[in-house]
1. Which aspartates and glutamates, on any chain, are close to LYS69 with Cα under 18 Å apart, when same-chain ones fewer than 8 places away are left out?
2. So which GluC sites (Glu not before Pro) in region 3-100 are both in a DSSP loop and have at most 14 other Cβ atoms within 10 Å of their Cβ?
3. On the full set of protein chains, 1.4 Å probe, figure out the accessible area of ILE42 and give it in Å² to the nearest 10.
4. Using Cα springs under 10 Å in a Gaussian network model of the chain, which residue among MET26, MET52, MET44 shows the largest mean-square fluctuation?
5. Counting only protein heavy atoms, what percent of the accessible surface of the chain is carbon or sulfur at a 1.4 Å probe?
6. Using only the Cα atoms of the chain, build the gyration tensor, take square roots of its eigenvalues as a ≥ b ≥ c, and label the shape rounded, prolate or oblate: rounded if a/c is under 1.5, else prolate if a/b is larger than b/c, else oblate.
7. Would you look at the GNM of the chain, springs on alpha carbons closer than 10 Å, and say which of GLY48, GLY78, GLY12 moves the most?
8. Could you list log10 I(q)/I(0) for region 68-138 at q = 0.16 Å⁻¹, which the Debye formula gives when each Cα is one point scatterer?
Amino acid sequence: MGEIMSDSFTKGGFDLGIVTTNGDQMLGFYRDVVGLEFEATINMEALGIAAMHRVWANESLLKIVVPTKDVPAGPKGGMMGASGMRYFTLSVPNVQTALDACADAGAPIIWDRREVRPGVVVGMVEDPDGNWVEFIGK
């Protein structure tokens with residue numbers, strides 16, 4: 001079996017899908033608060049998707065997916081609440097500015113700004129569905 005080599009990827013970033021029944025609030029958080037660039041909202045009902053809001057962080061695409069039917073909520077508890085993908089990280093020029101914008105919008109702050117190793121600062125927030133977003137920078 002062949003191995004996928006990093007030089008064979010055709011895009012510098014990655015795509016991440018978050019399934020939600022709270023599409024408008026999630027779009028508002030990631031577009032208006034976090035500052036991701038809105039591309040479009042598309043409908044793919046043939047795949048069970050009522051709306052996919054597409055927002056970009058440079059070359060990485062966040063797909064906010066609203067299903068056509070009710071789906072159960074994922075496990076709560078943040079990073080240690082369950083196995084699997086539990087958070088993602090955005091590199092920002094100023095972690096405190098990102099945390100302040102989220103706090104001003106009412107997003108829970110999970111970790112205040114803190115230095116995790118010399119010269120590396122992080123902070124963590126929770127989006128409207130309870131997913132965690134880490135900011136890393138200065």
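1. ASP24, GLU45, ASP129
2. Those satisfying the criteria are GLU3, GLU59.
3. 60 Å²
4. MET44
5. Result for the chain: 52 percent of the exposed heavy-atom area is carbon or sulfur.
6. It is oblate, given that a/c is not under 1.5 and a/b is not larger than b/c.
7. Of GLY48, GLY78, GLY12, the most mobile in the Gaussian network model is GLY12.
8. Summing over Cα pairs of region 68-138 leads to -0.58.
The values are calculated or read from the model by the stated rules, or taken from the named source; none is laboratory data. Quick caveat, the model's predicted, so the values are computed rather than measured. FYI the Cβ positions are ideal-geometry reconstructions off the backbone, even for glycines, and counts take in every protein chain you see. Surface accessibility is based on the protein's heavy atoms, side chains included, excluding ligands, DNA and RNA. Shrake-Rupley method; radii C 1.70, N 1.55, O 1.52, S 1.80 Å.
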